[in-house]
Amino acid sequence: EVQLLESGGGLVLPGGSLRLSCVASGFTFSNVAMSWVRQAPGKGLEWVSSIRGSSDKTDYADFVKGRFTITRDNSKNTLYLQMTSLRVDDTALYYCAKRGAGYNCDGGGSCHYYFDHWGQGTLVSVSS
Amino acid sequence: DIQMTQSPSTLSASVGDRVTVTCRASQSIGGWLAWYQQKAGEAPKLLIYEASILDAGVPSRFSGSGSGTEFTLTISSLQPDDFATYYCQQYNSYSLTFGQGTRLEIK
């Protein structure tokens, strides 16, 4: 059974930093691209970042580029999101998500994903 | 970025009804569309990918169709467990984008 368990959320001041973690089990973690998706309170879903299994490619939403960094440690089956320069509008529940099997790779070598398993999320609150 | 627009934003229906949710993309995404169901306080659950393929274990009353810029999610006979919020997501290109959601509520 696939399980994704996020941690690391909390209350942080604007401009502060936080590192989220997601421990995965139930599948061969190193073979699978992983992503972070967030959901502000009462709002919809928003993709944040994705990373390939081998870490050779990462992608980011424009609103986090230069501030957030996605990494993974395949020896620990763990996905990370390092968040810096946090803003009030980064307040959200952050989900770790596993890419589905039928992903889309274009001719340029870029792959795009849907998500077949999600964690329960970790809440990040940015407030003074 | 590709914008995904769902309609309606809220849908009131009764158990046994057939309901349809529409998702429109601002440019063609081929068939690279997924649908999710999210209940209050829970993580999203994948229902459909590649516009029409049901994920494992999803009841057959759910179906998806469409290609290019217009897609639909249909529930053939609403069950009490189906009252939730539904999201579409394109995975044709980055940034990956979701629709704003359709809340399905009990009439």
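Looking only at region A:1-49, how many residues end up being in contact with an Asp or Glu (Cβ under 9 Å, 6 or more places away or on another chain) and either of a type in the set (D, E, K, R) or part of a helix (DSSP H, G or I) (or both)?
1
Can you run down the residue pairs with Cβ atoms below 6 Å, 6 or more apart or on separate chains, where the first is in region A:32-57 and under 14 Å from B:Gln38 (Cα atoms) and the partner is part of a loop (DSSP other than H, G, I, E, B)?
A:Gly44/B:Gln100; A:Gly44/B:Gly101
For the list (1) under 20 Å from B:Ser93 (Cα atoms); (2) more than 10 Å from every other protein chain (Cβ to nearest Cβ); (3) more than 15 Å from the chain's Cα centre (by Cα), I need the number of the one condition that A:Ile51 fails.
The number of the failed condition is (3).
When region B:14-31 is examined, which residues are found to be open to solvent by 50 Å² or more (accessible area, probe 1.4 Å) and either free of Cβ contacts under 8 Å to residues at least 24 places away in the same chain or more than 13 Å from the chain's Cα centre (by Cα) (or both)?
Pass one, region B:14-31, residues open to solvent by 50 Å² or more (accessible area, probe 1.4 Å): B:15, B:17-18, B:20, B:24, B:26-28.
Selection gives B:Val15, B:Asp17, B:Arg18, B:Ser26, B:Gln27, B:Ser28.
Output the residues belonging to region A:80-99 that are under 17 Å from A:Gly44 (Cα atoms), open to solvent by less than 30 Å² (accessible area, probe 1.4 Å) and within 14 Å of chain B (Cβ to nearest Cβ).
Selection gives A:Ala92, A:Tyr94, A:Tyr95, A:Cys96, A:Ala97.
Please find, within region B:87-105, the residue that is farthest from the other protein chains (Cβ to nearest Cβ) out of those that are closer than 17 Å to A:Gln39 by Cα and assigned to a loop (DSSP other than H, G, I, E, B).
B:Gly99
So for region B:40-63 (the condition being surrounded by 19 or more Cβ atoms within 10 Å (Cβ to Cβ), within 12 Å of the chain's Cα centre (by Cα) and more than 22 Å from A:Val37 (Cα to Cα)), does at least one residue qualify? I'd like the intermediate steps shown before the answer.
As a first pass, look at region B:40-63 and keep what is surrounded by 19 or more Cβ atoms within 10 Å (Cβ to Cβ): B:43-44, B:46-49, B:51, B:55.
Next, from what is left, pick out any that are within 12 Å of the chain's Cα centre (by Cα): B:44, B:46-49, B:51.
So of that shortlist, the ones also more than 22 Å from A:Val37 (Cα to Cα) come out as none.
No.
So which of A:Gly42, A:Gly9, A:Gly66 ends up being at positive phi, at pLDDT 95 or above and away from chain B (no Cβ under 14 Å)? Steps first, answer last, please.
Values: A:Gly42 fails: away from chain B (no Cβ under 14 Å); A:Gly9 fails: at positive phi.
Of the residues listed, the single one that is at positive phi, at pLDDT 95 or above and away from chain B (no Cβ under 14 Å) is A:Gly66.
When region B:73-86 is examined, which residues are found to be over 17 Å from B:Thr22 (Cα atoms) and within 11 Å of chain A (Cβ to nearest Cβ)?
none
Inspect region B:46-63 for any residue being in contact (Cβ under 8 Å) with a residue 40 or more places away in the chain, in contact with a strand residue (DSSP E or B) (Cβ under 8 Å, 6 or more places away or on another chain) and not aromatic (Phe, Trp, Tyr) and give the result as yes or no.
For region B:46-63, residues in contact (Cβ under 8 Å) with a residue 40 or more places away in the chain, in contact with a strand residue (DSSP E or B) (Cβ under 8 Å, 6 or more places away or on another chain) and not aromatic (Phe, Trp, Tyr): absent.
Going through region A:111-120 one residue at a time, which ones are open to solvent by less than 20 Å² (accessible area, probe 1.4 Å) and in contact with an Asp or Glu (Cβ under 8 Å, 6 or more places away or on another chain)? Step through it out loud before you land on a result.
Our first condition is that a residue be open to solvent by less than 20 Å² (accessible area, probe 1.4 Å); within region A:111-120, this holds for A:111-115, A:119.
Correct list: A:His112, A:Gly119.
Could you please tell me which pairs satisfy a Cβ distance under 9 Å, a separation of 6+ or placement on different chains, a first residue in region A:12-28 that is without any contact (Cβ under 8 Å) to a residue 24 or more places away in the chain, and a second residue that is of a type outside the set (Asp, Glu)?
Filtered contacts from region A:12-28: A:Thr28/A:Gly53.
Is it the case that region B:64-83 has a residue that's in a loop (DSSP other than H, G, I, E, B) and open to solvent by 70 Å² or more (accessible area, probe 1.4 Å)? Can you show your working first?
Restricting attention to region B:64-83, the residues satisfying the condition of being in a loop (DSSP other than H, G, I, E, B) are B:68-69, B:76-79, B:83.
Next cut, open to solvent by 70 Å² or more (accessible area, probe 1.4 Å) only: none.
No.
A:Asn77 fails exactly one of the following numbered conditions: (1) surrounded by 14 or more Cβ atoms within 10 Å (Cβ to Cβ); (2) without any contact (Cβ under 8 Å) to a residue 24 or more places away in the chain; (3) not aromatic (Phe, Trp, Tyr). What is the number of that condition?
Unmet for A:Asn77, out of (1) surrounded by 14 or more Cβ atoms within 10 Å (Cβ to Cβ); (2) without any contact (Cβ under 8 Å) to a residue 24 or more places away in the chain; (3) not aromatic (Phe, Trp, Tyr): (2).
Which of the following residues is modelled with pLDDT of 95 or more and under 21 Å from A:His117 (Cα atoms): B:Ser28, B:Ser12, B:Ser95, B:Ser63?
Values: B:Ser28 fails: under 21 Å from A:His117 (Cα atoms); B:Ser12 fails: under 21 Å from A:His117 (Cα atoms); B:Ser95 fails: modelled with pLDDT of 95 or more.
Only one candidate passes the filter, namely B:Ser63.
Among the candidates B:Leu96, B:Leu11, B:Leu104, which residue alone is of a type outside the set (S, T, N, Q) and closer than 28 Å to A:Leu5 by Cβ? First the steps, then the outcome.
Working: B:Leu11 fails: closer than 28 Å to A:Leu5 by Cβ; B:Leu104 fails: closer than 28 Å to A:Leu5 by Cβ.
Just one listed residue meets the conditions, B:Leu96.
The values are calculated or read from the model by the stated rules, or taken from the named source; none is laboratory data. Predicted, not measured: the structure shown is a model, and the values here were computed from it. A quick note on method: Cβ atoms are made from the backbone with ideal geometry, for glycine too, and the neighbour counts reach across all protein chains shown. Please note that ligands, DNA and RNA were not included when accessible areas were found on the heavy atoms of the full protein model with its side chains. Shrake-Rupley method; radii C 1.70, N 1.55, O 1.52, S 1.80 Å.
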